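**Student:** Can you read through this structure? Questions will come right after.
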Amino acid sequence: MNKYLKGCLVFIGIIILIILLLIGLFLWSSHTKIKNAEIDGIKYSKECDSVNLVTEQPEISFVYFKRKEIAILKFQILRDGKLIQDTVIKNGFIKRTYDSEDKSINIPYKIFFKTDTIVVTTNNKLQYYISGYHHYAYLHYGMFGYLGSHDCRFNGENCIINNQQSMYGALIREDGWINPEISKHIQKISVSDSIKYYSFAKKCRIKTEDAEHILREKRKNLTLRSTSTYGIEVGPKNSYYIFGEETESGTRPNDLVPRNLKRYVIKINCETGEYNRYKDYPFDDNTIY
């Protein structure tokens, strides 16, 4: 091998080593920044969340309500066991959502404590207890990853509504409380949480297949019937499988558009199999249909 070729190979080898070194340094730096971001995210989020006040007037939405049911809304602050600052709002929805199925409104208090609970009462006497607002650290990133800086931001969507985690600040009609003193002691297990749902069902005397059989045997003999499974209500004394049912008692001549759509809810006792049918949801024990 002549001296010229040997020199070229050494030069190429040095270039390759430099490139590998640069790649290694880049990967090490990226890994370090990712680790630092994870640590700082936890550290700074705790610092951000130490703020005691909410000043952002978070937005909440109403799902599956009829317009008249939420035309008038009553807001209250539950603080130290007392309801204060009663505020009534009439048709105060954000214009961009007013004609849509989900209607939104901002909580009317410009400032309140994170330890407060916001109580919303609809025109049809359903109540929603909203709490759990918090701040978090928004980490800053550039072209090469985490920059080591942050700012504090408010999370207005991830809150607690009627003892359930809400991802979008949505007040869903079927989750409203009629009797808060009773309802706050009831836990709901959604069928979407399949592991928790079936784990609980296995402990019941009435299994899921038994409840479905009871549902088929007991339901009304109406046309165009559809059913869905909501989940399980776990109360201090009794627990129930919750099913939804829609019936259409007649159709138009084209047989496509329902003439009379009705919604019902079925509760089946997890231990006794007792069956109750309710005209709508939410409901209390005096509305059996």
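**Student:** Given a 10 angstrom Cα cut-off, can you work out which residue in Asn52, Asn36, Asn276 is the most mobile in a GNM of the chain?
**Tutor:** Of Asn52, Asn36, Asn276, the Gaussian network model singles out Asn36 as fluctuating most.
**Student:** I would also like to ask the following. In whole angstrom, how far apart do the alpha carbon centroids of segment 49-80 and segment 182-242 sit?
**Tutor:** Segment 49-80 and segment 182-242 have Cα centres spaced 30 Å from each other.
**Student:** Roughly how many nanometres apart are two label points built 7 Å out from the Cα toward the Cβ at Gln164 and Ser29?
**Tutor:** With each label placed 7 Å out from Cα toward Cβ, I get 4.9 nm.
**Student:** Next question, about the same structure. If you wrap segment 44-202's Cα atoms in a convex hull and average its projection over all directions, what's the area in nm²?
**Tutor:** Averaged projected area of segment 44-202's Cα convex hull equals 12.6 nm².
**Student:** Quote the relative contact order of the chain in percent (integer), defining contacts as alpha-carbon pairs under 8 Å separated by 6+ residues.
**Tutor:** Worked out over the chain, it gives 13 percent.
**Student:** Where does the chain land on Rg(C-alpha)/(2.2 N^0.38 Å)?
**Tutor:** Working it through for the chain, the quotient is 1.49.
**Student:** Take the solvent-accessible surface of the protein heavy atoms, probe 1.4 Å, and return the percent of it on the chain that carbon and sulfur atoms account for.
**Tutor:** Taking all protein chains in place, the chain shows 56 percent carbon and sulfur surface.
**Student:** Among all cysteines in the chain, which have no other cysteine Cβ under 4.7 Å from their own Cβ?
**Tutor:** Cys8, Cys159
**Student:** How far apart, in nm, are the 7 Å Cα→Cβ label points at Lys196 and Leu5?
**Tutor:** In this crude label model, Lys196 to Leu5 measures out at 7.2 nm.
**Student:** Sticking with this structure for a sec: Which order, highest average first, do 175-183, 21-29 follow once you tally other Cβ atoms within 10 Å for each residue and take the mean per peptide?
**Tutor:** 175-183, 21-29
**Student:** Another one. Keeping all protein chains in place, calculate the accessible area per residue for the chain (probe 1.4 angstrom), answer in Å².
**Tutor:** Values: 18220 Å² over 289 residues.
Counting only protein heavy atoms, the per-residue value for the chain is 63 Å².
The values are calculated or read from the model by the stated rules, or taken from the named source; none is laboratory data. Everything quoted here is computed from the prediction, not taken from an experiment. Cβ sites come from the backbone with ideal geometry, for glycine too, and all protein chains shown count toward neighbours. All accessible areas refer to the heavy atoms of the entire protein, side chains included, with ligands and DNA or RNA removed. Shrake-Rupley method; radii C 1.70, N 1.55, O 1.52, S 1.80 Å.
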